[in-house]
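The structure under discussion appears below in the form of structure tokens.
The values are calculated or read from the model by the stated rules, or taken from the named source; none is laboratory data. Keep in mind the model is a prediction, meaning the values are calculated, not measured. Note: ideal-geometry Cβ built from the backbone for every residue, glycine included; neighbour counts use all protein chains shown.
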Amino acid sequence: MTTTTRDARNGRPSITPAAPYLLERGFPEWAILEVGWRVEPLGPRYRRYGLPAEAADALVWLIPSRHPNGRVWFERMRFIDPADLERFGGGKYRQPARDQVGTGLQLYDPYLLLSTEKWEPRDSILLIESEANTVAVHTLLPEDAVIGLPGQSTLTQKMARELAAIPWSSCG
Amino acid sequence: MVFLWIDRHDKASEQNAQRIAERLRDEGVQEVRQLPSAMGMDANDLLAKLDYEGARQAILDMFDQAKPIETGADEGWPLMLNPTPPAFPLHALPDEVAAFVKALSTQFQTAPDLAALAALGVLCTAAMNASVDCGNWDEETLALYILVGSPSGDRKSSVLKKVAAPLYAIQEELREEARTQQVAAESRRQVLNTRKSDLERKVAREEGEDRLASQAELDELLAEMQPSDVATDPRLFTNDATPEALVDLMHANPEGIGVFAAESAVVQNLFGHYSDKGNPNLNAVCEAYTGDFITVDRRGKPPLIIPRPRLGITLFAQEDVLATVVGNEKARTQGLVGRFVLIDASPASYVGDRQIDPPPPKTPRYLHEAWEKVVRRIRASCATKPTEPKKPESGGPFVGFAGKEVGVESPSLSLSHNSKGLLTTLEVAVEPRLRDGADLEFFRDWMSRHHGRVARLASTLHLVEGSPEEKVSEQAMRWALEIGEYFLQHALLAVTTPDPLARRANAWLADRLREGVTEVSQRDIHVGPLGGHGKSDGAARLCEQLVSAGALRAALDDERPNPKGGRPRGPRYEINPRLRRSDRDA
């Protein structure tokens with residue numbers, strides 16, 4: 001399946017011919033569009049992720065990470081082909097070096113629940129591992145608030161502070 | 001409320017969940033609930049593999065089943081050993097031994113640990129002549145070195161005396177028998193000497209064939225006059241000896257010698273009490289534990305050669321002796337500490353709570369008799385037995401492996417298939433924990449001997465009801481493993497917290513935790529573990545010691561002024577929540 005849908009936020013093609021990979025993983029098109037995921041060759045961005053030039057041809061899943069102000073802060077990437085993962089080593093997920101984007105790991109908050117502009121009292125929030133699971137839960141339970149831990153990492157004290165800052169409606 | 005969904009539910013992931021919950025709580029989130037496992041799938045799997053409604057319902061069900069993550073109050077605190085080590089597992093003793101131990105403990109109002117450890121020391125001494133083949137070329141003697149620290153006035157001497165009574169009785173019988181044999185041997189020696197003098201005169205006087213006949217008769221007599229093998233003073237045990245005297249005793253008593261003492265003299269002797277320069281002399285004691293060949297050459301004396309030394313040690317001393325042994329650098333580096341079972345029986349002491357009136361019941365006579373019967377039977381079954389001498393193939397005396405003389409044989413036990421399996425399981429579990437950086441690396445010297453100690457114990461317990469010819473039973477091995485765990489917990493505590501005062505303070509802090517107190521002041525420490533004795537400087541020093549050991553840390557609000565005004569508050573400390581008491585007091 002190919003589509004020519006464009007990202008509503010920046011007008012770039014959001015679903016490339018490789019998008020079937022995401023659709024096969026069960027994500028509906030609207031959910032993919034909403035978070036801006038793309039699957040495309042890494043291209044010249046390989047330097048950003050500390051990869052060799054050979055990685056430019058690798059097909060990757062690009063996961064935008066948004067600042068609470070709504071802008072894309074940086075993009076994490078994930079190799080699609082296990083052979084690429086083996087070829088280039090390292091973890092499944094990669095993100096640009098801290099000195100390039102000015103930040104390390106961040107909570108995956110595609111629905112901007114941490115944005116002070118969107119703050120609203122909440123009874124509860126679900127914290128889940130990985131970006132894919134975050135979007136999967138949102139797809140199934142769009143009424144519930146969900147935030148993801150980047151990859152399979154743990155919650156840092158700074159992330160805990162950000163979560164705790166969400167206004168709780170009752171006993172939070 | 002934060003719900004937490006982690007994909008895996010192994011130990012590491014659960015610990016990570018605990019950490020996440022703790023951090024959230026630290027930041028003010030009041031409740032964190034963890035979702036149960038999604039049938040081994042993650043959220044993306046549910047989305048991809050189930051239909052929309054099915055996946056949605058599955059997640060809703062998981063929310064319903066979410067459980068609060070227990071308060072991980074331990075987070076951020078160093079690991080602490082239980083300050084109150086476990087009580088001796090009496091159920092891991094054969095019935096007749098356990099009954100005697102219980103009765104004796106009741107009579108003397110002591111913790112069962114004392115009588116039980118004394119009983120193990122006596123049993124091992126009785127069985128010491130035997131050895132156990134653990135497989136993999138690993139042969140262990142059955143001796144144990146036991147050091148028990150206990151407060152003064154704890155009646156440890158009385159307990160030790162009663163438990164060791166059968167050894168004393170057997171020793172007196174052996175000495176009486178030896179005395180009778182010596183009288184007969186002396187009489188015979190005098191007769192032979194008279195005949196020898198007569199024959200020598202005849203040889204000097206006679207000529208020709210008569211002289212040759214007398215010479216042959218004299219040669220025969222001289223061969224008959226070989227040194228007597230009657231022991232001059234057979235011994236089974238001693239209370240006090242220098243390291244040199246211990247070597248002499250082992251030489252004179254090839255079936256082994258036990259040291260039983262309720263004082264610390266032996267320890268002082270080992271650590272150089274009689275040495276001009278105060279140098280410890282630990283070699284012989286260390287070698288005897290493994291049954292290694294001992295040869296001692298001293299100036300002006302014939303060499304002492306002990307092919308298979310056997311030595312057992314059971315010492316009941318003041319608690320500070322335990323600290324002295326553990327803290328002695330040479331004892332640690334040379335492996336003496338690693339050879340000792342180190343028990344702190346102070347927390348278990350009944351002093352202060354003993355039954356006085358009416359006096360507790362005495363141990364029934366039949367239990368004393370049953371105990372003596374057990375000790376005698378083990379000693380008899382482990383005695384050296386004569387065997388058919390094997391003829392060497394190329395002439396000359398044949399000496400077997402490990403210095404075993406052919407012609408006499410000491411029992412060698414072997415493990416049953418199941419007991420060997422249990423012992424191997426222990427070894428396999430312990431080995432990776434001894435690696436560089438692993439949790440028991442610091443304790444390699446002791447842990448490396450742990451499985452051997454358990455094998456010795458299993459063999460000895462097996463002999464209470466079995467014989468050396470039978471393989472060591474699975475039951476005996478299970479008992480030994482349980483007692484071995486008790487040994488391990490005590491030894492860890494003795495090595496990591498050698499100071500008795502710090503151990504007492506830790507136990508006191510654990511009591512406070514049990515009462516719901518999480519914070520104490522320096523004054524509390526002064527009044528509590530120090531009993532109000534000494535000056536506040538002493539309490540300050542103890543607090544510093546406890547802080548550096550990780551038992552306390554300065555309270556966060558310690559800098560705040562006294563809300564009631566007046567004098568500033570003394571230092572306050574949070575208690576490490578990992579200090580927990582065992583079920584000893586439960």
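Residues being in a helix (DSSP H, G or I), out of contact with any Pro (no Cβ under 6 Å at 6 or more places or on another chain) and among the charged types (D, E, K, R): count how many of those fall in region B:471-502.
3
Among the residues of region B:31-55, write down those that are touching an Asp or Glu at 6+ places or on another chain (Cβ under 8 Å) and within 7 Å of another protein chain (Cβ to nearest Cβ).
B:42, B:48
I'd like the full set of residues that are within 19 Å of residue B:327 (Cβ to Cβ) and crowded, with 22+ Cβ neighbours inside 10 Å, limited to region B:277-290.
Matches in region B:277-290: B:285 only.
Considering only residues of region B:531-551 that are closer than 11 Å to residue B:505 by Cα and more than 28 Å from the chain's Cα centre (by Cα), which is modelled with the lowest pLDDT?
The extreme case among them is B:531.
Can you name the condition, by its number, that residue B:121 falls short on among (1) in contact with a Leu (Cβ under 8 Å, 6 or more places away or on another chain); (2) outside any helix (DSSP H, G or I); (3) within 28 Å of residue B:469 (Cβ to Cβ)?
Unmet condition: (2).
At pLDDT 90 or above and in contact with a Ser or Thr (Cβ under 9 Å, 6 or more places away or on another chain), is that true of residue B:313?
For residue B:313, the condition - at pLDDT 90 or above and in contact with a Ser or Thr (Cβ under 9 Å, 6 or more places away or on another chain) - is not met.
Suppose we keep only residues that are facing another protein chain (nearest Cβ under 8 Å) and out of contact with any Lys or Arg (no Cβ under 7 Å at 6 or more places or on another chain) within region B:21-30. Which one would you say is surrounded by the most Cβ atoms within 10 Å (Cβ to Cβ)?
Here the answer is B:24.
Is it the case that residue B:499 is surrounded by fewer than 19 Cβ atoms within 10 Å (Cβ to Cβ), under 20 Å from residue B:147 (Cβ atoms) and in contact (Cβ under 8 Å) with a residue 24 or more places away in the chain?
It is true that residue B:499 is surrounded by fewer than 19 Cβ atoms within 10 Å (Cβ to Cβ), under 20 Å from residue B:147 (Cβ atoms) and in contact (Cβ under 8 Å) with a residue 24 or more places away in the chain.
When you look at residue B:86, is it in a loop (DSSP other than H, G, I, E, B) and without any contact (Cβ under 8 Å) to a residue 60 or more places away in the chain, yes or no?
Considered against the rule, which asks whether it is in a loop (DSSP other than H, G, I, E, B) and without any contact (Cβ under 8 Å) to a residue 60 or more places away in the chain, residue B:86 comes out as no.
Out of region B:155-189, which residues are within 22 Å of the chain's Cα centre (by Cα) and of a type in the set (A, V, I, L, M)?
The answer is B:159, B:160, B:163, B:164, B:165, B:167.
What helices (runs of 4 or more DSSP H) lie completely within region A:71-145 and have 3 or more residues being away from chain B (no Cβ under 14 Å)?
By residue number, A:82-88, A:98-101.
Taking the stated definitions as given, is residue B:216 of a type outside the set (Phe, Trp, Tyr) and at pLDDT below 90?
Criteria not met by residue B:216.
Just checking, does region B:465-486 include any residue being within 21 Å of residue B:117 (Cβ to Cβ) and touching an Asp or Glu at 6+ places or on another chain (Cβ under 7 Å)?
Looking for residues that are within 21 Å of residue B:117 (Cβ to Cβ) and touching an Asp or Glu at 6+ places or on another chain (Cβ under 7 Å), one finds none in region B:465-486, hence no.
Can you name the residue in region B:234-276 that is touching a Gly at 6+ places or on another chain (Cβ under 9 Å) and of a type in the set (Gly, Ala, Ser) and, of all such residues, is surrounded by the most Cβ atoms within 10 Å (Cβ to Cβ)?
B:256
Of the residues B:61, B:113, which is out of contact with any helix residue (DSSP H, G or I) (no Cβ under 8 Å at 6 or more places or on another chain) and buried (at least 22 other Cβ atoms within 10 Å of the Cβ)?
B:113
All but one of (1) of a type in the set (A, V, I, L, M); (2) in contact with a Lys or Arg (Cβ under 6 Å, 6 or more places away or on another chain); (3) in contact (Cβ under 8 Å) with a residue 40 or more places away in the chain hold for residue B:17; which doesn't?
Checking residue B:17 against (1) of a type in the set (A, V, I, L, M); (2) in contact with a Lys or Arg (Cβ under 6 Å, 6 or more places away or on another chain); (3) in contact (Cβ under 8 Å) with a residue 40 or more places away in the chain, the one that fails is (2).
Go through region A:129-159 and give me each residue that's at pLDDT below 85 and in contact with a helix residue (DSSP H, G or I) (Cβ under 6 Å, 6 or more places away or on another chain).
A:154, A:155, A:157
Does residue B:460 satisfy the criteria of being farther than 30 Å from residue B:375 by Cα, polar (S, T, N, Q) and assigned to a helix (DSSP H, G or I)?
no
Conditions (1) modelled with pLDDT under 90; (2) among the hydrophobic types (A, V, I, L, M, F, W, C); (3) crowded, with 23+ Cβ neighbours inside 10 Å, marked per residue:
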| site | (1), (2), (3) |
| --- | --- |
| B:324 | yes, no, no |
| B:334 | no, no, no |
| B:340 | no, yes, yes |
| B:356 | yes, yes, no |
| B:360 | yes, no, no |
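Quick check on region B:425-442: of everything there that is in contact with a Leu (Cβ under 7 Å, 6 or more places away or on another chain) and not aliphatic (A, V, I, L, M), which residue is farthest from residue B:287 (Cα to Cα)?
Here the answer is B:433.
Identify all residues within region B:433-453 that are more than 15 Å from the chain's Cα centre (by Cα), part of a loop (DSSP other than H, G, I, E, B) and either surrounded by fewer than 16 Cβ atoms within 10 Å (Cβ to Cβ) or in contact (Cβ under 8 Å) with a residue 60 or more places away in the chain (or both); write none if there are none.
Correct list: B:435, B:436, B:437, B:438, B:439.
Taking region B:291-320, which residues are crowded, with 20+ Cβ neighbours inside 10 Å and either more than 21 Å from residue B:235 (Cβ to Cβ) or acidic (Asp, Glu) (or both)?
If the condition is that a residue be crowded, with 20+ Cβ neighbours inside 10 Å and either more than 21 Å from residue B:235 (Cβ to Cβ) or acidic (Asp, Glu) (or both), then B:317, B:319 are the ones that fit.
Cβ-Cβ under 6 Å, sequence separation 6+ or interchain: first residue in region A:57-76 and charged (D, E, K, R), partner outside any strand (DSSP E or B) and surrounded by 15 or more Cβ atoms within 10 Å (Cβ to Cβ). Which pairs?
From region A:57-76, the pairs are A:76/A:95.
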